[in-house]
1. Distance between Cα centroids, segment 38-53 to segment 82-117: provide it in whole Å.
2. May I ask which residue of PRO148, GLN62, LEU77 lies farthest towards the positive end of the charge dipole of the chain, with charges of +1 (Lys, Arg) and -1 (Asp, Glu) on Cβ and the Cα centre as origin?
3. If I take R0 = 35 Å and measure r between the Cβ atoms of ARG46 and SER104 in this structure, what FRET efficiency does the formula 1/(1 + (r/R0)^6) give, to the nearest 0.05?
4. Between ASP138 and TYR89, what is the label-point separation in nm under the 7 Å Cα-to-beta-carbon projection?
5. Within segment 2-103, how many Lys pairs that are eight or more residues apart, or on different chains, come under 15 Å at the alpha-carbon?
6. Only Cα pairs within less than 10 Å get springs; with that Gaussian network setup on the chain, which residue of THR29, THR127, THR70 has the largest fluctuation?
7. Can you give the calculated 222 nm mean residue ellipticity of the chain, where each DSSP H run of n ≥ 4 adds -39,500 (n - 2.57) and the sum is split over every residue, rounded to the nearest 500 deg cm²/dmol?
Amino acid sequence: MFILKSFGVEKDKLDIIKSALHDKRILYTIPGIIKTAYKKLRKGDRALPASLLANKLWTSFQIQGYIPDTVNLPLSLFSSEEEYADVNYFIKVVMHTTEEHKLSSDEAKQQRRKAFVNAYREINTNTIDMIREIYKADIEMFDYEDYPPDEY
């Protein structure tokens, strides 16, 4: 948006562009992520079972704030491993869920923050201290917080 502002694009037009980008981000982002994950992680000797991949992607979309963390993967929609393996079917299930259970921008942000805080709770203090030491110069240079978040 900065570049558009610097070229003198009017605020009302910026708002339209911003809204279009935000409103369409799920439509354009999720199918590509799913297709890429299925393509890379469903072939070869170390291929993940499709049901496991679907669960991991679902959790990832919850962490990213696309799907509410209160909405579980609807297992009843999958009667076999073949249905999990059908990438287009899984995309439809995810897209339907994002449409039925829309998160506001603030809700998505809060959910991402909650996931971030919970992830840090899994890391022991010694590891965090080592990370602080390794990245000390960056923390000081860019004025980053040097402690993990503790609340959401």
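Readers should treat all values here as calculations from the given coordinates under stated rules, not as data from a laboratory. Quick caveat, the model's predicted, so the values are computed rather than measured. Because the Cβ atoms are built from the backbone with ideal geometry, glycine has one as well, and the counts that use them run over all protein chains shown.
1. Between the Cα centre of segment 38-53 and that of segment 82-117, the gap is 20 Å.
2. Result: LEU77, furthest along the dipole toward the positive end.
3. Values: r = 39 Å, r/R0 = 1.11.
The formula returns an efficiency of 0.35 here.
4. Going from the TYR89 label point to the ASP138 one covers 4.2 nm.
5. Lysine pair count for segment 2-103: 8.
6. Highest fluctuation among the options: THR127.
7. -21000 deg cm²/dmol
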